[in-house]
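Engineer: Attaching a single structure in structure tokens format; questions to follow.
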Amino acid sequence: MRPAFLAILALLLGAGLAAPAAANGLLRLEGHGGPVKGVAVAPDGKAALTASFDYAVGLWSLETGALTRWAEGHRAAVNAVAFHPDGRHFLSAGDDFALILWERETGRPLHRFEGHRGKILALAVSPDGRIAATAGWDGRIGLWDLQARTRLGWLEGHRSNVNDVAFSADGARLYSASYDGTLRLWDVAARAERAVLVSHGFGINHLVLEERAGWLAYGAVDGAVRALDLATGAEIADLTADRRPILALALSPDRQSLAVGDGEGHIVVIDTARWTIVRDFRAALRGPIWALAWDRSGRLLAGGIADEAVLWPVGTEAGEGADEAALFAAGARHFHRPPEEMSNGERQFVRKCAVCHTLAPDGGRRAGPSLWGLFGREAGSLPGYSYSEALLRSEIVWTAETVDRLFAEGPDHVTPGSKMPMQRIARPADRRDLIGYLRASTGPRAEPMGSTSE
């Protein structure tokens, strides 16, 4: 676990030094140690939740931007968050295959729901607050009784990862989206599939349901953004902007604006009355837009590759006063300087390591341990970090040769069963440059310089 003083320091900094809303309405929610993968706004519009790669959920004031508290209990990246309709609880789900119910006032975990055999990418709470649904990468949808705190059952039928779920207004039906390219309709009480609404051909990442107006919209891996008539199943709009993949959708509280975030860092705002694009711009955060949510005043909360979420006025009219160049710069600072000014070794570090690791002795709020003093260190030996059993048993000592092997073969081969994500660096020269950069940046080393094989 992280040292307690880091959590206290982060809380003090969040409460005391949070940036106030700027003249253009920008508000930054800062403090996470990794990308923000999920966001949610409270029903009263006064608070927000952020889910991060650093295993933590942040609870924030949207009036000041201050951090209220961290909720820490997940054992891997957190992907999705939602407020409970009662306003006194919230939920989160993540890569540890778990759904957690939290007490909002204290940030205390009340129950951990388990049973999925893959990461949970999305969650939804029924309007009456009794049931939660989880979208699992094991191809199943979990249904959970939040009052009895038990599993109600599974919805099975998708042929691949389930990416999103949404309840109908009466809670009797559930809609789901999957990498198998389908949107499906389920009967919650009967635990049965009722219809395949769409067979898209490419994976579908997100859906938004608007029953009052009678439509459902979805975003897909190929960049498609389309809307269907719920009564007839007919396509009523295709607003594909030829940018891919679609990673986030959010409907405004007045149900007149649909925000779309993509993998190229753009946000599109769609007028759902006329089905026309009214805004199309580079977002306040550099990199993919993984999460979007509207507040009650027409501001849009966005999360992505940066370790912060950004809230600013982006509506059909409210966004006109926002300085989008300033918003873009706010996110760009996390990259230190443009990639073209970096050495190749530093670029490799930013691409492959910086999301999970820092080079500072204290490690910060990151999903992985600090790399300070890496060379000559035994894997799994840094005090204060909760390592996986696989890494603790590995008997690896980090040298130029073992780091080279890690990226040549991939963590799934060198440290199987550990928390390290699967990735490789194919070119020997890139691995050599990364190792050189790490040697120069990670403090005193206890092993000879050596050289890596070509």
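The values are calculated or read from the model by the stated rules, or taken from the named source; none is laboratory data. All of these numbers come straight from a predicted model, not from anything done at the bench. When we count neighbours, we look across all protein chains shown, and the Cβ atoms used for this are built from the backbone with ideal geometry, even at glycine. Accessible surface is based on the protein model in full, side chains and every heavy atom, while ligands, DNA and RNA are left aside. Shrake-Rupley method; radii C 1.70, N 1.55, O 1.52, S 1.80 Å.
Engineer: Determine which member of the set G129, G153, G115, G65 is modelled with pLDDT of 95 or more and open to solvent by less than 10 Å² (accessible area, probe 1.4 Å).
Structural biologist: G129
Engineer: Please work out if L185 is in contact (Cβ under 8 Å) with a residue 24 or more places away in the chain and either surrounded by fewer than 20 Cβ atoms within 10 Å (Cβ to Cβ) or of a type in the set (A, V, I, L, M, F, W, C) (or both).
Structural biologist: Working: in contact (Cβ under 8 Å) with a residue 24 or more places away in the chain: no; either surrounded by fewer than 20 Cβ atoms within 10 Å (Cβ to Cβ) or of a type in the set (A, V, I, L, M, F, W, C) (or both): yes.
Spelling it out, it is not the case that L185 is in contact (Cβ under 8 Å) with a residue 24 or more places away in the chain and either surrounded by fewer than 20 Cβ atoms within 10 Å (Cβ to Cβ) or of a type in the set (A, V, I, L, M, F, W, C) (or both).
Engineer: For residues that are part of a helix (DSSP H, G or I) and surrounded by 19 or more Cβ atoms within 10 Å (Cβ to Cβ), scanning just segment 407-421, find the one that is modelled with the highest pLDDT.
Structural biologist: Result: F407.
Engineer: Follow-up. Within segment 386-406, track down each residue that is out of contact with any strand residue (DSSP E or B) (no Cβ under 9 Å at 6 or more places or on another chain), without any contact (Cβ under 8 Å) to a residue 40 or more places away in the chain, outside any helix (DSSP H, G or I) and over 14 Å from M420 (Cα atoms).
Structural biologist: R393, the sole residue that qualifies.
Engineer: Same structure, new question: Looking at segment 376-404 only, could you name the residues that are at pLDDT 85 or above, surrounded by 17 or more Cβ atoms within 10 Å (Cβ to Cβ), closer than 24 Å to D362 by Cβ and of a type in the set (A, V, I, L, M, F, W, C)?
Structural biologist: If the condition is that a residue be at pLDDT 85 or above, surrounded by 17 or more Cβ atoms within 10 Å (Cβ to Cβ), closer than 24 Å to D362 by Cβ and of a type in the set (A, V, I, L, M, F, W, C), then A379, L382, I396, W398, V403 are the ones that fit.
Engineer: Within segment 245-290, how many residues turn out to be among the acidic types (D, E), within 16 Å of the chain's Cα centre (by Cα) and under 22 Å from L228 (Cβ atoms)?
Structural biologist: Qualifying residue count, segment 245-290: 1.
Engineer: To continue, here is another question. If we scan segment 6-22, do we find a residue that is at pLDDT 95 or above, over 30 Å from L359 (Cα atoms) and either open to solvent by 10 Å² or more (accessible area, probe 1.4 Å) or in contact with a Cys (Cβ under 9 Å, 6 or more places away or on another chain) (or both)?
Structural biologist: No.
Engineer: Also, I was wondering about something else. If we scan segment 201-220, do we find a residue that is among the aromatic types (F, W, Y) and either farther than 24 Å from R173 by Cβ or in contact with a helix residue (DSSP H, G or I) (Cβ under 6 Å, 6 or more places away or on another chain) (or both)?
Structural biologist: The answer is yes; a qualifying residue exists.
Engineer: A follow-up question, please. Might you check whether a residue that is among the polar types (S, T, N, Q), farther than 22 Å from R130 by Cβ, open to solvent by 60 Å² or more (accessible area, probe 1.4 Å) and without any contact (Cβ under 8 Å) to a residue 12 or more places away in the chain occurs anywhere in segment 223-239?
Structural biologist: yes
Engineer: How many residues are closer than 17 Å to R151 by Cβ and open to solvent by 10 Å² or more (accessible area, probe 1.4 Å) if we restrict to segment 85-104?
Structural biologist: Looking only at that region, the number is 2.
Engineer: Also, quick follow-up: Given (1) modelled with pLDDT of 85 or more; (2) closer than 21 Å to P35 by Cβ; (3) of a type in the set (A, V, I, L, M); (4) in contact with a helix residue (DSSP H, G or I) (Cβ under 6 Å, 6 or more places away or on another chain), where does L371 come up short, assuming only one miss?
Structural biologist: (4) is the only condition that L371 fails.
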